[in-house]
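Read-outs throughout are calculated quantities, based only on the coordinates presented, and are distinct from any laboratory measurement. Bear in mind that the values here come from a model prediction, so they are computed numbers and not experimental data. Using ideal geometry, Cβ is built from the backbone for each residue, glycine included, and neighbour counts are taken over all protein chains shown.
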């Protein structure tokens with residue numbers, strides 16, 4: 001090949017590469033445009049689901065999977081906040097929380113002691129979500145007594161709308177408040193939580209009811225007169241009530257949908273399967289925290305923090321999503 005031929009070959013190569021790069025650029029632009037159009041084609045509540053916190057968007061006129069997903073994210077936050085206060089109260093009373101957590105889950109390897117928080121978070125969620133499949137949480141006085149399924153769904157969604165944006169849910173739990181289903185729910189779950197924690201063999205803990213809630217939250221509700229004068233006890237009680245409200249909201253939404261959203265529970269030892277499960281943090285070892293299905297396939301989410309993939313906590317609570 002002479003010099004002229006080499007030059008022409010080089011020019012052809014450069015031109016070809018230029019054309020390839022242009023096509024790749026055009027293809028990338030088309031891909032971006034496709035994504036934009038796909039986003040525009042989604043249902044309105046899906047497009048606007050990130051534009052509000054907590055309650056409904058102006059487009060959510062009925063129960064939707066999007067609202068359920070937002071409600072589950074709220075449970076994640078409130079349960080985490082309450083768990084931190086719970087462990088602090090136990091630790092201040094001499095309970096070695098990390099040791100207790102490792103005793104409860106001997107097969108789990110913790111990357112750091114701080115990760116034992118997720119044992120307690122799973123425990124409190126197990127308590128709050130117990131009897132979730134019952135429309136009244138198996139609290140007899142909370143039974144709706146409505147035989148028409150459609151009317152029942154409508155009533156549950158109306159109740160959801162009434163409570164989802166409450167700024168001060170404590171007002172519903174005070175002893176002088178009108179008797180209501182949420183206060184009965186909180187009182188029952190308070191008792192169940194105290195029982196569950198006492199079964200963890202938390203050596204050194206004194207009376208757990210007094211330790212956690214003092215005199216602010218008793219067997220018949222919150223003491224309004226004590227709320228302002230017992231800041232630590234009120235902070236714990238308020239955190240618990242907000243956690244309970246977030247679970248109560250999920251419950252009302254679940255029974256507003258048709259078919260009802262069903263909660264999933266995972267057995268210990270469940271292997272991670274990337275086909276059906278998605279880690280919250282990519283490529284991280286994980287433990288399951290919980291999921292829902294709405295008449296379709298449910299994709300699992302796992303919570304990372306140093307657990308081996310072959311060991312999962314047997315409860316769960318949150319971040320299910322349909323696909």
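For the range 102-200, the normalised intensity computed at q = 0.12, 0.15, 0.19, 0.23 Å⁻¹ comes to -0.57, -0.79, -1.05, -1.29 (log10 of I(q)/I(0), Debye sum over alpha carbons, equal scatterers, no solvent). Alpha-carbon geometry of the range 56-146: the Rg and the Dmax are 17.5, 50 Å, given in that order. Taking the number of Cβ atoms within 10 Å of each Cβ as an exposure proxy, the fewest-first ranking of 72, 88, 257 is 88, 257, 72. The Rg/Rh ratio for the range 158-201 is 1.10, where Rg is the radius of gyration of the alpha carbons and Rh is the Kirkwood radius.
The convex hull drawn around the Cα atoms of the range 162-266, when projected onto a plane and averaged over every direction, covers 8.3 nm².
Legend: translational diffusion of the range 65-258 by Stokes-Einstein, Rh = Kirkwood radius over C-alpha pairs, 25 °C, 0.890 mPa s; D = 140 µm²/s. Normalised by 2.2 N^0.38 Å, where N counts its residues, the alpha-carbon radius of gyration of the range 113-166 equals 1.57.
Ordered by the count of other Cβ atoms within 10 Å of each Cβ, fewest first, 188, 84 give 84, 188. Ordering 136, 125 by the number of other Cβ atoms within 10 Å of each residue's own Cβ, fewest first, gives 136, 125.
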